[in-house]
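Below is one structure; the comments refer to it alone.
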Amino acid sequence: MVVDVEKIRSMAERVAVSEGLALVDVELKGGRTNQLLRIYIDKPSGISHADCQNVSEQMSALLDVEDPFPGPYTLEVSSPGLERKLAKASDYEYFTGRRARLVLREPLEDQRVLEGRLAGFDRGRVRLEVNEGKVCELELANIAKARLVL
C-alpha cells in the first residue's frame, strides 16, 4: 500500500486553516513498518505548544478514520523553526529580506551553493543578493534545496 502524501497534505491544510494556522510542509520518512509523519505549521505570532497539540489531536482523529498507513506510524506536529526550509514559491516572497542558503541543481558561475539575502520572487525567478548590491536571478526549478539562515 502506497501512502498518499498529497491526501494527507490536503487533510493537514484543512485542519491548519480551521485553527487559523498556515501549513508549511508535510514530510513522510521511514520505512514501511515504522513511518514518521511530520507536519509543520506556522502563524505570524509564532506557534505555541497548544497549537501543535490541537493540530495533532485533529490529525490523529482524521488519520484514524482515513487509515492511510499500512502499519504503525508516528505523528509529529511542530513549527518549522528559525532555519526553516523554503518549500513553496510563496515562501520566497514572504521571507524577502531574510538570509537564505540555496543549493542549485545546475551551478551558476561554478557555484552550486549560494548564500545571501532574498530580494524577491517574480515569474518563477528567485532574486538573491549575494554581495553588497550584486543580485542573482535564479530559476525556481533550478533550486534543489533552500532554507533560511540566521
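The residue that is nearest to the chain's Cα centre (by Cα), among those in the stretch 45-84 that are polar (S, T, N, Q) and outside any strand (DSSP E or B), is Ser79. Look through the stretch 103-150, keep the residues that are in contact with a helix residue (DSSP H, G or I) (Cβ under 8 Å, 6 or more places away or on another chain) and not in a strand (DSSP E or B), and return whichever of them is modelled with the lowest pLDDT. The residue in question is Gly124.
Return the only residue of Arg32, Arg14, Arg84 being out of contact with any His (no Cβ under 8 Å at 6 or more places or on another chain), surrounded by 16 or more Cβ atoms within 10 Å (Cβ to Cβ) and among the basic types (Lys, Arg).
Working: Arg32 fails: surrounded by 16 or more Cβ atoms within 10 Å (Cβ to Cβ); Arg14 fails: surrounded by 16 or more Cβ atoms within 10 Å (Cβ to Cβ).
The match here is Arg84.
When residues in the stretch 35-55 are screened for being buried (at least 17 other Cβ atoms within 10 Å of the Cβ) and out of contact with any Phe, Trp or Tyr (no Cβ under 8 Å at 6 or more places or on another chain), 9 of them pass. Of the residues making up the stretch 88-102, those that are part of a loop (DSSP other than H, G, I, E, B) and either assigned by TED's automatic domain parsing to the domain that holds Ile47 or among the basic types (Lys, Arg) (or both) are Lys88, Arg98.
The values are calculated or read from the model by the stated rules, or taken from the named source; none is laboratory data. Not measured: the values here are computed from a predicted model. Neighbour counts run over all protein chains shown; Cβ positions are idealised from the backbone, glycine included.
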